[in-house]
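Participant: What follows is a single structure, and I will ask about it in a moment.
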Amino acid sequence: MRSAGLPFSILNVAATSALLFGHFLPWATHRVAPLTRSGHDLSISTNFTPGAGVFLNEWFLLPLWSAALLAAMAGRTAAWPWRALIGAFAMLIASLGLPAYPHILTAYAHPDYRLQFFITLGVFALIAVIILAARLPTWARPVCSIICGVASTVTLIGYLVIKPFVEALYQGSVGIGVGWWLTLAGVVLLLTAVGARILGKSAPSCVV
């Protein structure tokens, strides 16, 4: 029954929203407001923080790219033209991972922006396949969810890795902001949705 899958859809939508909004909310909090950094800010400035280059700028974009792919997956269940609109929205989310102007003009050849540029193009391609493909393998959705959850977890751990270097730069303590916690919540919701789907499929059918 379609209603049986509804809770899983709600979990996926909640997880996608948490990853998206968490990316733009504060991750590195500081008593001086201008020094507070969102996940998106860290995706731009991490490589310029002495010692923090151990975790690349680009990996802070993993929750954003994950949200784009998850939104596209959610759009597959919609009828046209809503499916196309959700696909366009997913593309818009992914586009936020592109280098800012004017760096985007030469990003394909610039070592500081090349990886970010081509990963975003790869996400564009995956979104197009998800939205336009007539059918996807049954394992595509759970595998996509697991990959997105693991990728976002890498970013959560990465912030904890670079946090001491940010504190050294600021010469003061830096907190863990609501954006980090919201991203963590998104990962938990995402993996919970996958687990619930797997358990639901493996449970014996009941005759009503």
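The values are calculated or read from the model by the stated rules, or taken from the named source; none is laboratory data. Since we're looking at a predicted model, the values are computed, not measured. A quick note on method: Cβ atoms are made from the backbone with ideal geometry, for glycine too, and the neighbour counts reach across all protein chains shown.
Participant: If I ask for residues that are over 19 Å from the mean Cα position of the chain (by Cα) and not in a loop (DSSP other than H, G, I, E, B), which ones from the range 106-119 would you list? Step through it out loud before you land on a result.
Facilitator: Of all residues in the range 106-119, those over 19 Å from the mean Cα position of the chain (by Cα) come to 106-112, 114.
Correct list: Arg114 only.
Participant: Select, from Ala94, Ala90, the only residue that is closer than 20 Å to Ser152 by Cβ, touching a residue at least 40 places away in the same chain (Cβ under 8 Å) and either part of a helix (DSSP H, G or I) or touching a Gly at 6+ places or on another chain (Cβ under 6 Å) (or both). It would help to see each step written out before you state the result.
Facilitator: On the way: Ala94 fails: touching a residue at least 40 places away in the same chain (Cβ under 8 Å).
Only one candidate qualifies: Ala90.
Participant: Does any residue in the range 180-196 that is at pLDDT 95 or above come within less than 7 Å, Cβ to Cβ, of a residue that is polar (S, T, N, Q) and surrounded by fewer than 23 Cβ atoms within 10 Å (Cβ to Cβ) six or more places away or on a different chain, and which pairs are these?
Facilitator: Val187/Thr153
Participant: Do we find a residue being over 28 Å from Ala168 (Cα atoms), among the basic types (Lys, Arg) and part of a helix (DSSP H, G or I) anywhere in the range 65-83?
Facilitator: Here is the first cut: in the range 65-83, the residues over 28 Å from Ala168 (Cα atoms) are 65-83.
When the remaining residues are screened for being among the basic types (Lys, Arg), the result is 76, 83.
After this cut, where a residue has to be part of a helix (DSSP H, G or I) as well, the list is 83.
Looking for residues that are over 28 Å from Ala168 (Cα atoms), among the basic types (Lys, Arg) and part of a helix (DSSP H, G or I), one finds at least one in the range 65-83, hence yes.
Participant: Sticking with this one: Which residue, of Leu115, Leu96, is within 30 Å of Ala28 (Cβ to Cβ) and modelled with pLDDT of 95 or more? Give the steps one after another, and end with the answer.
Facilitator: On the way: Leu115 fails: modelled with pLDDT of 95 or more.
Only one candidate passes the filter, namely Leu96.
Participant: Return a yes/no flag: does the range 66-76 have any residue that is in contact (Cβ under 8 Å) with a residue 24 or more places away in the chain, within 22 Å of Val187 (Cα to Cα), touching a Gly at 6+ places or on another chain (Cβ under 7 Å) and not basic (Lys, Arg). Explain how you work it out, then say what you get.
Facilitator: Restricting attention to the range 66-76, the residues satisfying the condition of being in contact (Cβ under 8 Å) with a residue 24 or more places away in the chain are 66-76.
Of the ones still in play, those that are also within 22 Å of Val187 (Cα to Cα) are 66-76.
Cutting the leftovers down to touching a Gly at 6+ places or on another chain (Cβ under 7 Å) gives us 72, 75.
Filter once more, so that each one left must be not basic (Lys, Arg): 72, 75.
Yes; the residues of the range 66-76 include at least one that is in contact (Cβ under 8 Å) with a residue 24 or more places away in the chain, within 22 Å of Val187 (Cα to Cα), touching a Gly at 6+ places or on another chain (Cβ under 7 Å) and not basic (Lys, Arg).
Participant: Follow-up question, since we're still on this one. So which residues in the range 154-188 are among the hydroxyl-bearing types (Ser, Thr, Tyr) and surrounded by fewer than 18 Cβ atoms within 10 Å (Cβ to Cβ), if there are any at all?
Facilitator: Here is the first cut: in the range 154-188, the residues among the hydroxyl-bearing types (Ser, Thr, Tyr) are 155, 159, 170, 173, 183.
Residues satisfying the conditions are Tyr170, Ser173.
Participant: I've got another one for you. Exactly one condition in (1) assigned to a helix (DSSP H, G or I); (2) buried (at least 18 other Cβ atoms within 10 Å of the Cβ); (3) not hydrophobic (A, V, I, L, M, F, W, C) is false for Gly122; which is it?
Facilitator: Of (1) assigned to a helix (DSSP H, G or I); (2) buried (at least 18 other Cβ atoms within 10 Å of the Cβ); (3) not hydrophobic (A, V, I, L, M, F, W, C), only one is false for Gly122: (2).
Participant: Please go through the range 8-48 and pick out each residue that is more than 29 Å from Ser145 (Cβ to Cβ) and in a helix (DSSP H, G or I).
Facilitator: Residues satisfying the conditions are Ala33, Pro34, Leu35, Ser45, Asn47, Phe48.
Participant: Another question, then. Please determine whether any residue of the range 49-63 is of a type in the set (Gly, Ala, Ser), surrounded by fewer than 20 Cβ atoms within 10 Å (Cβ to Cβ), in contact with a helix residue (DSSP H, G or I) (Cβ under 6 Å, 6 or more places away or on another chain) and outside any helix (DSSP H, G or I). Spell out the reasoning first.
Facilitator: Going through the range 49-63, the residues of a type in the set (Gly, Ala, Ser) turn out to be 51-53.
After this cut, where a residue has to be surrounded by fewer than 20 Cβ atoms within 10 Å (Cβ to Cβ) as well, the list is 51, 53.
Applying the additional criterion that residues be in contact with a helix residue (DSSP H, G or I) (Cβ under 6 Å, 6 or more places away or on another chain) yields 51, 53.
Next, only the ones that are outside any helix (DSSP H, G or I) stay: 51.
Within the range 49-63, one or more residues are of a type in the set (Gly, Ala, Ser), surrounded by fewer than 20 Cβ atoms within 10 Å (Cβ to Cβ), in contact with a helix residue (DSSP H, G or I) (Cβ under 6 Å, 6 or more places away or on another chain) and outside any helix (DSSP H, G or I).
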